[in-house]
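Visitor: Sharing a structure here in structure tokens format.
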Amino acid sequence: MKTTMITGPTAGIGKSLAYQLAERGENLLLVARREDRLKSISIDIETKFNVKVKFIVADLTLPEAPKQIYAFCKNEGLDISTLVLNAGYQINTRLDEASLEEEEACLRVLGLSVIMQTKIHLKDLVKRGGGNIMVVSSIAAFAPTSNEFAVLYGPVKTFMNRFVEAINSAYNKDNIYATSVCPGFTITEFHEMSGTQDRMDKVPSFMKMSADDVATEGIIGMDKKKEIVITGALNRFLMNLLRFFPRPLIKIIGNALAGGRYK
């Protein structure tokens, strides 16, 4: 069964992606840790859009998760045509305050799990004649790193953008296309769960986007086989502007707007 796999679909951008992709007739495999939400969303999507939705409870902080998910796909006879690698979070402490275990788990979700899930599905994508890979990244990949917390968030997102570039360079000839979706400040549970809601509240409303709008732009970009999709006209303008401003000035402006945090 031709299927789109989505990680982190129980809230925010991932949930919006799940509903929008189902609305256009795509069968889904949903991957997350919260079984209650997975069940509820799966039933709701199947009822509303008459598509098949399967789910698997998996913890992407664990090294064995990609193999666990892949085995599930094989056992269920799923033809994964699109990977939507959206799951992510950040650590709301200074780098020296977080434990090695905390940092490793976060890096695995943001980076290693993305790479390993892509890698484990690539042979099947080549065999089936092509497919799509969407990695939900961030404009933090282009902005100066935070000077307060989540120091590794921006660098990992930069790495993910380069990973997408590398996949396209190596596999476009096999009709496999990767897209990195880079949102800015987006209204989701991300901030509350990471303990940064107070900082998000300080961001001017005109700089915030809804998860639905981010998902829509991401899907359009993926359909057009774009490598990088910066969501929102204002974000695209600001990221272009960064090229002409001195880095110290950008840090001052960014911290004033976001309390030290870049999404």
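Visitor: When V126 is evaluated against the numbered criteria (1) exposed (fewer than 15 other Cβ atoms within 10 Å of the Cβ); (2) more than 19 Å from the chain's Cα centre (by Cα), which criterion, by number, is the only one it fails?
Guide: (1)
Yes/no matrix, rows are residues, columns are (1) closer than 23 Å to E102 by Cα; (2) in contact (Cβ under 8 Å) with a residue 12 or more places away in the chain:
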residue	(1), (2)
I6	no, yes
S16	no, yes
Y19	no, yes
E23	no, yes
I41	no, yes
K52	no, yes
E64	yes, no
K67	yes, yes
K74	no, no
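Visitor: Go through segment 22-49 residue by residue and tally those that are in contact with a helix residue (DSSP H, G or I) (Cβ under 7 Å, 6 or more places away or on another chain), under 23 Å from T186 (Cα atoms) and not β-branched (V, I, T).
Guide: Total meeting the criteria: 4.
Visitor: Same structure again: Every residue in segment 162-205 that is of a type in the set (K, R) and at pLDDT below 95, please.
Guide: Matches in segment 162-205: R199, K202.
Visitor: Just to verify a result, which residue in segment 1-54, among those that are crowded, with 22+ Cβ neighbours inside 10 Å and of a type in the set (S, T, N, Q), is nearest to S137 (Cα to Cα)?
Guide: T7
The values are calculated or read from the model by the stated rules, or taken from the named source; none is laboratory data. None of these values were measured; they are calculated from a predicted model. Positions of Cβ are backbone-derived with ideal geometry, glycine not excepted, and every protein chain shown enters the neighbour counts.
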